[in-house]
Amino acid sequence: MQFIFALLDNIGDHACEMDSKTNGDIDSSPRSFPQIYGATFIKANHSSSSPRGLMRLREGTGGVFSNIILGGKAEAGMENKDCSMNVAKGSWENGNGGNSMPDYLWWSRSNIINTKTNSGQRNPFQLGSDCVWSNGPTSRETDPQFQLLRDGWNDWTDLGQIDPRPRSSSPAFTAFDNPPSEL
């Protein structure tokens with residue numbers, strides 16, 4: 001998938017949630033293996049009582065996540081929990097770290113996470129205790145420099161005008177992954 005955009009208000013939960021569990025089995029087959037090469041997810045001030053990631057990857061999912069910008073207010077940029085020990089997880093330099101599809105979860109080092117909690121703390125990742133990553137996850141923790149996006153909005157009534165495209169000077173244009181030719 002490419003060219004995905006989601007804007008969540010204060011009662012929104014996750015911009016996306018990827019799961020793979022069937023009948024309680026996180027190693028069930030076929031395994032979910034979403035591939036995203038280009039997405040921008042932005043969240044308003046959140047009012048959820050429990051910590052949530054703007055992106056939620058869980059229950060044994062594999063996948064490829066590249067050229068992603070996460071911004072706004074969230075308890076974490078990417079949340080990963082309920083992991084399968086049969087899925088290799090990493091931010092390898094060259095793709096899958098030698099593992100075969102669908103038994104890997106790859107998070108690109110080029111992704112940008114600029115999420116903050118309501119108290120203003122940065123928390124790019126929230127990992128479950130059963131999620132062991134080799135070499136990752138890592139991302140660039142920097143301002144993606146959106147054209148026009150107000151800080152501190154709650155819902156559409158106080159959002160005002162927006163332009164979520166990154167400025168030409170944005171770090172989103174300085175380091176990115178080329179998507180596969182079949183996309």
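The values are calculated or read from the model by the stated rules, or taken from the named source; none is laboratory data. Worth saying up front: this structure is predicted, and the values here are computed from it rather than measured. Cβ atoms come from the backbone with ideal geometry, glycine included; neighbour counts cover every protein chain shown. Ligands, DNA and RNA are stripped out before the accessible areas are found, and what is left, the full protein with its side chains, is counted by its heavy atoms. Shrake-Rupley method; radii C 1.70, N 1.55, O 1.52, S 1.80 Å.
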Q: May I ask you to list the residues in the range 124-152 that are at pLDDT below 90 and farther than 15 Å from F41 by Cα?
A: V132, W133, S134, N135, G136, G152
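Determine if the range 17-31 includes at least one residue that is within 22 Å of A172 (Cα to Cα) and either touching a helix residue (DSSP H, G or I) at 6+ places or on another chain (Cβ under 7 Å) or touching a residue at least 24 places away in the same chain (Cβ under 8 Å) (or both). Lay out the reasoning, then the answer.
As a first pass, look at the range 17-31 and keep what is within 22 Å of A172 (Cα to Cα): none.
No, the range 17-31 contains no residue that is within 22 Å of A172 (Cα to Cα) and either touching a helix residue (DSSP H, G or I) at 6+ places or on another chain (Cβ under 7 Å) or touching a residue at least 24 places away in the same chain (Cβ under 8 Å) (or both).
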Q. Restricting the first residue to the range 122-140 and requiring it to be within 20 Å of L70 (Cα to Cα), which pairs with a second residue that is open to solvent by 50 Å² or more (accessible area, probe 1.4 Å) meet a Cβ separation below 6 Å and a spacing of at least six or different chains?
A. R122/K116; P124/E141; G128/K81; T138/R109
Q: Look through S91, S110, S181, S170 and report the one residue that is within 14 Å of the chain's Cα centre (by Cα) and within 19 Å of Q2 (Cβ to Cβ).
A: S110
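Do any strands (runs of 3 or more DSSP E) entirely within the range 95-183 hold 1 or more residues that are closer than 27 Å to D27 by Cβ and open to solvent by less than 50 Å² (accessible area, probe 1.4 Å), and if so, which? Step through it out loud before you land on a result.
Details: elements: 104-107, 112-116, 125-127, 146-148, 163-166.
Strands (runs of 3 or more DSSP E) meeting the threshold: 104-107, 125-127.
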Q: Mind listing whichever residues of the range 51-64 are crowded, with 24+ Cβ neighbours inside 10 Å and either among the charged types (D, E, K, R) or within 12 Å of the chain's Cα centre (by Cα) (or both)?
A: G53, L54, M55, L57
